[in-house]
1. Residue pairs, Cβ under 8 Å, 6 or more apart or interchain, first in region A:174-189 and within 17 Å of A:R79 (Cβ to Cβ), second in a helix (DSSP H, G or I) and polar (S, T, N, Q). List them.
2. How many residues does region B:139-168 hold that are within 30 Å of A:S235 (Cα to Cα) and in contact (Cβ under 8 Å) with a residue 40 or more places away in the chain?
3. Answer yes if at least one residue in region B:161-182 is within 21 Å of B:V80 (Cα to Cα) and either at pLDDT 85 or above or more than 10 Å from every other protein chain (Cβ to nearest Cβ) (or both), and no otherwise.
4. Keeping to region A:75-94, report how many residues are touching a residue at least 40 places away in the same chain (Cβ under 8 Å) and buried (at least 21 other Cβ atoms within 10 Å of the Cβ).
5. Please note which helices (runs of 4 or more DSSP H) are completely contained in region A:121-236 and include at least 3 residues that are facing chain B (nearest Cβ under 8 Å) and more than 17 Å from the chain's Cα centre (by Cα).
6. Filter region B:134-160 down to the residues that are more than 14 Å from chain A (Cβ to nearest Cβ), assigned to a helix (DSSP H, G or I) and under 21 Å from B:L124 (Cα atoms) and list them by number.
7. For region A:20-45, which positions are more than 10 Å from chain B (Cβ to nearest Cβ) and outside any helix (DSSP H, G or I)?
8. State which residue is surrounded by the most Cβ atoms within 10 Å (Cβ to Cβ) when the search covers only region B:16-49 and only residues that are more than 9 Å from chain A (Cβ to nearest Cβ), outside any loop (DSSP other than H, G, I, E, B) and in contact with a helix residue (DSSP H, G or I) (Cβ under 7 Å, 6 or more places away or on another chain).
Amino acid sequence: MLGAILGYPVYSLVRLSLQKYQLFELLQHHGVYVGLHNFGSVLHDSVFWHTLLRTVVFTAVNVGLTIVGGTLIALLLVRVSTWLRLLLTLGLVLVWAMPQVVAVQIWSWMTNSQNGVFNYILTELHVGNYFQHNWYETTFSQYSMVTTLIVWGALPFVAITVYAALSQVPHELVEAAQIDGARAWRVFKDVTLPVLMPLLLILTSLSIIWDFGAFTQPYLLIGPGQQVQSNYLMSTYLYVEGYGRTDFGRGAAISLLMLAIVAALSVVYVRQMLRVGEEQ
Amino acid sequence: MRLPRGRLGWNALGLALFAVMVFPVFWMLSTSLKNNDQINSFNPIWFPGHPTLNHFRDAIHRPAFWTDAKNSVIVVVATVVIALGLSFFAALALAKYRFTGRKLFIVLVIGIQMLPQAGLIIPLYVALAKHNQVNRLSGLILVYLTFALPFCVWTLRGFLLGIPKELEEAAMVDGSSRLGAFVRILLPLVAPGLVATSVFAFITSWNEFIFANTLLHDDQHRTITVWLSLLYGGNRFVDWGAIMAASTLIAIPVVIFFLLVQRRIAFGLTAGAVKA
């Protein structure tokens, strides 16, 4: 029975992707088999390829910032005084616990063009004149805000798990390397990193899956009414094309392509990294 | 005591990081307690002078706040109770007994967690429409179970595997029935696991946005998370005080429960990678 609950959505997705299933079919509860037509129409649509490219770049930037940033925070946690470590951990857990929709509302308020505190701070820090700057005008600027929001929310999980794994790094080895005069970077690369590698691989795969499918943050922060061809991500693309325009067959085809890409991305990456690890 | 060389610099960096990370949460709280003049000021006022609870009062008197909060509670409680009941027995079967298709089941459990949720909007919407479950809380509960069950089964299985079989057997040798052994020996040992999984199911279904937003269509049936997302209405003359107050109210239960089980969730997601 459990197997049915779990397998049904995927089975239904495959079936839908091979059907014409629009408002009429939805009311009839019955789709019309059209073979690979939906896939053909999606793959011949330049919007799909642009969206895919945008999503890949978006995912790479977000995952990169999250993993590198989270690891740096974990390394910092080891070096600060105990009271500060506790304080920082508490702060990180607090951030981690913030519901996504709540975080989106905070971001909307902080970055609003009227009197957002973000513009104020940037101006005061002499980064430039951001007085009443609108962050939601261009696609790049929209996604720079979405990225700060997602990375902020994702850092705590990475930082805390990597910090836990750092306790596995053999102390004697680090000290021996330091006595031998190894620089901090070499100690990290040759002693710490190999120990962290299995965990970092898992965290990277998880982050790829989460960020590639990110929906709530881009959809709400940019605005439900502002999802257009020029700023689609895969998730918002399939949402608007499939659900918004009630073309479920086409939406299912996009979903399936997206799921296949996510699966391929994480599998290829993990295997590649494992091979590199063995060669060294 | 003198601080080791370099520690001072790291501490300064750590404090700066703390300030940056926590600032958004602080800003939410601070805004929710300010009056409108302070909120709309062009130069930000960092701490609320004369804090006021007006925005909280305003938020809970907004249309549909209580209806949608009640909806959220119904969905969350139903999801947690059903998920826990079903997954406990599924986990028991997985951990204690061997059956055909066991491997396939485990692959499915992990696989469904890897799927991006946005990719499942379409098939689930169509399936629920077929059975007249769109714009109904029962339909949403069904969807949440799909996502909660795999995680609950997986986590509980981990807890059950940690219990030595001898303990259970010893109890039965002493004359307890299978049920007696279960209640007196097994249950207390898995209790922490049950608490952890139910809190996890609680948090994910309370926070969930994508499906609630897609499957529920009117004020009478929305969950509180979707209600909050609709409080935003453009860039000008937005009532940020009420939005931040409502955000605070919705985040509080999550933060409390999250603090309780944070360690276990972190471990569950990366189990096997870190040998603690």
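1. Final answer for the pair search is A:V174/A:T192; A:V187/A:Q178.
2. At the first step, the residues of region B:139-168 found to be within 30 Å of A:S235 (Cα to Cα) are B:139-155.
When the remaining residues are screened for being in contact (Cβ under 8 Å) with a residue 40 or more places away in the chain, the result is B:139-141, B:143-145, B:147-155.
Count: 15.
3. Going residue by residue through region B:161-182, those that are within 21 Å of B:V80 (Cα to Cα) are none.
No, region B:161-182 has no match at all.
4. Residues of region A:75-94 that are touching a residue at least 40 places away in the same chain (Cβ under 8 Å), as a first pass: A:75, A:77-78, A:89, A:92-93.
Next, only the ones that are buried (at least 21 other Cβ atoms within 10 Å of the Cβ) stay: A:77, A:92.
Selection size over region A:75-94: 2.
5. On the way: elements: A:139-166, A:171-179, A:184-187, A:193-212, A:216-222.
The helices (runs of 4 or more DSSP H) meeting that bar are A:139-166.
6. Answer for region B:134-160, where residues must be more than 14 Å from chain A (Cβ to nearest Cβ), assigned to a helix (DSSP H, G or I) and under 21 Å from B:L124 (Cα atoms): B:L137, B:S138, B:L140.
7. Listed by number, the residues that qualify are A:K20, A:Q22, A:V32, A:Y33, A:V34, A:G35, A:L36, A:H44, A:D45.
8. Selected residue: B:S32.
The values are calculated or read from the model by the stated rules, or taken from the named source; none is laboratory data. Because the structure is predicted, anything quoted here is derived from the model rather than measured. Cβ coordinates were reconstructed from backbone atoms using ideal geometry, including for glycine residues, and neighbour counts include every protein chain displayed.
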